[in-house]
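K.L.:
First the structure, then my questions, so here it is.
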Amino acid sequence: MPQNHAVRIVDASDTFPRNSERWRPIRVSAEVIEAEIERLSRIPAPHNGRRSLFIVHPESKEVSGFAPGVQIAINVLLPGERTEGFRYNASQVELCIRGRGTVHVDNQTTVMDQFDVAAIPSMRRHWHSNDGDTAWVRLSYSNAPLLQRLGALYVEESEAASSAPSDDLFVAATYTSDSAPEIAVSPEGARLRGYEFLTDIPVVENRALFWPWKSVSASLASEPGDGKRNIMLLYNPATERRNGTTHSFFATMSRVPPGLPPRGPRRGHRHSSVAINYHFEGSGWSEVDGEKIEWSAGDLLLSAPGWSEHAHFFNPEGASVLTVQDHPLHIGMESLIWQERIDGPILTLGSQPGQKGYVGPRAVGTT
Ligand SMILES: [Fe+2]
């Protein structure tokens, strides 16, 4: 029987595109995470050194994401262990939640302590080692599910995988974007460019970066009225105007110090970027599309599925939170829509003037 490879024809006359279905918010408790860390610590040492699991949302189908475009792994490395190196075209944000270890990215090595954050760029051979005497545990966020969905995740497992460019690339240097034709077509800005522009992209250096908690913590409010911000972006300059930690994600650290007066009931805000909160100190609750979800230290929360209304509230003990959002990705696609007040305008951030007046210290946890 010949296989039928015919395309499907879908009549779309007299229709508009439909709004996406939203995934539910979901909390993964500290107890569940703790039990899985314990389990990973007890399994025999894997051949590639990776004691690892994915936290998968129940609505995730073909991709193993905690959100549609975000994969979250718990990684454990016992004393004396190391992982095999590999590289892939996904990029990662990593949070050390326990212990201490070393991240190796190409020839760069950096020690991570508790609550330090790392950004590991795409296509860099990287591996991890634990030279300490306690288990090292990391939460790793990657954009792999989106690449899988695009059919474009590329992985090179070889220990010898190299990030260095080949000399061959420099042989035919005649054909570069500097010498390619460029022709104006319309006064509004339409242009023609030679093919070289597509293959000889200007390079913006993107190094593996680290944000030690010691430095981040010193910049965050530690007591009411100390004049420090409650939330700070972990900014990677390679992401330029897209204000990311990687080219896909931003990570923010926020801290509500103990003793702040409780916040009264209020509506939330919403944005097309998805937000995931990991609470590592304190407690509180979130209201997400009308659902109240209580959380405390050690809980991971899909706190804002894309375009869901959300607001966060804190108990008197305060809280510290790492938030990851696929915000830079959306800016790159011109799909970052944002509604700060639920009865206010919907702004397309990055292509029209953004929100003004939210400086500080702005309402914590509204990420
Ligand atoms: Fe938000």
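K.L.:
Among the GluC sites (Glu not before Pro) within the range 251-341, which fall in a DSSP loop and have no more than 14 other Cβ atoms within 10 Å of their own Cβ?
P.N.:
Working: sites: 281, 287, 291, 294, 309, 317, 334, 340; in loops: 309, 334, 340.
Here the sparse-neighbourhood loop sites are 334.
K.L.:
Using helices alone, what [θ] at 222 nm do you get for the chain, with -39,500 (n - 2.57) per DSSP H run of 4 or more residues, divided over all residues and rounded to the nearest 500? Numbers along the way, then the final one.
P.N.:
On the way: 5 runs with 37 residues, N = 367.
It lands at -2500 deg cm²/dmol.
K.L.:
Can you tell me the relative contact order of the range 199-304? Whole percent, Cα pairs under 8 Å, sequence separation 6 or more.
P.N.:
Values: 127 pairs, mean separation 18.7, N = 106.
Relative contact order here is 18 percent.
K.L.:
Per residue, how much accessible surface does the chain expose to a 1.4 Å probe? Answer in Å², no decimals. Before the final figure, lay out the partial values.
P.N.:
On the way: 19810 Å² over 367 residues.
Heavy-atom SASA per residue in the chain reads 54 Å².
K.L.:
If you build a Gaussian network model of the chain, linking Cα atoms that sit under 10 Å apart, which residue out of 325, 355, 114 swings the most?
P.N.:
Its mean-square fluctuation being the largest, the pick is 355.
K.L.:
Now a separate question. Assuming R0 = 35 Å, can you tell me the calculated FRET efficiency for the pair residue 21 and residue 183, based on Cβ-Cβ distance, to the nearest 0.05?
P.N.:
On the way: r = 44 Å, r/R0 = 1.26.
Step by step, r from the Cβ atoms, then E = 0.20.
K.L.:
How far apart, in nm, are two points set 7 Å out from the Cα along the Cα-to-Cβ line at residue 34 and at residue 13?
P.N.:
6.3
K.L.:
Under a point-charge model restricted to the Cβ atoms of Lys and Arg (+1) and Asp and Glu (-1), what is the dipole moment magnitude of the range 55-137 relative to its Cα centre, in debye to the nearest 20?
P.N.:
Numbers: 7 positive and 10 negative charges, 35 e Å.
So the dipole magnitude of the range 55-137 works out to roughly 160 debye.
K.L.:
If you don't mind, another one. Between residue 205 and residue 291, what length comes free when the chain is fully extended (0.36 nm per residue of separation minus the Cα-Cα distance, one decimal in nm)?
P.N.:
Numbers: separation 86, 0.36 × 86 = 30.96 nm, distance 4.25 nm.
Computed gain between residue 205 and residue 291 is 26.7 nm.
K.L.:
Right, here's the next one. Could you let me know the centre-to-centre spacing of the range 125-159 and the range 234-288, using Cα atoms, in angstrom?
P.N.:
One Cα centre to the other: 23 Å.
K.L.:
What is the gain in length, in nm to one decimal, between residue 52 and residue 215 on full extension, counting 0.36 nm per residue of separation less the C-alpha to C-alpha distance? Kindly include the intermediate steps, with their values, before the conclusion.
P.N.:
Numbers: separation 163, 0.36 × 163 = 58.68 nm, distance 2.83 nm.
That pair, residue 52 and residue 215, stretches by 55.8 nm at full extension.
K.L.:
Another question, if that's okay. P(r) tail for the range 30-187, what percent of Cα pairs lie past 25 Å?
P.N.:
Details: 4996 of 12403 pairs.
Here the tail beyond 25 Å accounts for 40 percent of pairs.
K.L.:
Here is a follow-up. What size of dipole, in debye to the nearest 20, comes out for the chain about its Cα centre when the only charges are +1 on Lys and Arg C-beta atoms and -1 on Asp and Glu C-beta atoms? Mind dumping the intermediate values first?
P.N.:
Numbers: 35 positive and 43 negative charges, 149 e Å.
Result for the chain is approximately 720 debye, rounded to the nearest 20.
K.L.:
Using the per-residue mean of other Cβ atoms lying within 10 Å as a proxy for protection, in what order, highest first, do the peptides 178-186, 211-219, 72-80 fall? Mind showing how you got there, number by number?
P.N.:
Values: 178-186: 9.9, 211-219: 14.8, 72-80: 19.7.
The packing order, highest mean first, is 72-80, 211-219, 178-186.
K.L.:
A follow-up question, please. Just name one of 54, 78, 101: the one whose Cα is farthest towards the positive end of the charge dipole of the range 1-146 (beta-carbon charges, Lys/Arg +1, Asp/Glu -1).
P.N.:
About the Cα centre, the residue reaching furthest to the positive side is 54.
K.L.:
In addition: Taking R0 as 22 Å, what FRET efficiency do you get between residue 131 and residue 43 from their Cβ-Cβ distance, rounded to the nearest 0.05?
P.N.:
Numbers: r = 21 Å, r/R0 = 0.95.
Taking R0 as 22 Å, the efficiency between residue 131 and residue 43 is 0.55.
K.L.:
OK, next. Putting +1 on Lys and Arg Cβ atoms and -1 on Asp and Glu Cβ atoms, find which of 293, 313, 346 reaches farthest to the positive end of the dipole of the range 256-354.
P.N.:
Going by the charge dipole, the pick is 346.
K.L.:
Could you work out which residue, out of 138, 263, 255, moves most in a Gaussian network model of the chain, that is, has the largest mean-square fluctuation with Cα springs under 10 Å?
P.N.:
Taking springs between Cα atoms under 10 Å, the residue moving most is 263.
K.L.:
So what is the relative contact order for the range 214-367, in percent, with contacts set as C-alpha pairs under 8 Å and at least six apart?
P.N.:
Numbers: 372 pairs, mean separation 41.8, N = 154.
Computed over the range 214-367, the figure is 27 percent.
K.L.:
Now a separate question. Return the single residue from 345, 121, 202 with maximal mean-square fluctuation; model: Gaussian network over the chain, springs between Cα atoms under 10 Å.
P.N.:
For the chain, modelled as a Gaussian network with Cα springs under 10 Å, the answer is 202.
K.L.:
Quote the relative contact order of the chain in percent (integer), defining contacts as alpha-carbon pairs under 8 Å separated by 6+ residues. Working shown, then result.
P.N.:
Values: 814 pairs, mean separation 54.9, N = 367.
RCO, the chain: 15 percent.
K.L.:
Accessible area of the range 172-244 with a 1.4 Å probe: how many percent of it is carbon plus sulfur? Write out the running numbers ahead of the final one.
P.N.:
Numbers: 2760 of 5050 Å².
Roughly 55 percent, rounded to a whole number.
K.L.:
Could you size up the charge dipole of the range 183-280 around its Cα centre, putting +1 on the beta carbon of Lys and Arg and -1 on that of Asp and Glu, and report it in debye to the nearest 20? The partial results should precede the final answer.
P.N.:
Working: 13 positive and 7 negative charges, 108 e Å.
That gives a dipole near 520 debye.
The values are calculated or read from the model by the stated rules, or taken from the named source; none is laboratory data. Note that the structure is predicted; figures quoted are calculated from it, not measured. FYI the Cβ positions are ideal-geometry reconstructions off the backbone, even for glycines, and counts take in every protein chain you see. Surface accessibility is based on the protein's heavy atoms, side chains included, excluding ligands, DNA and RNA. Shrake-Rupley method; radii C 1.70, N 1.55, O 1.52, S 1.80 Å.
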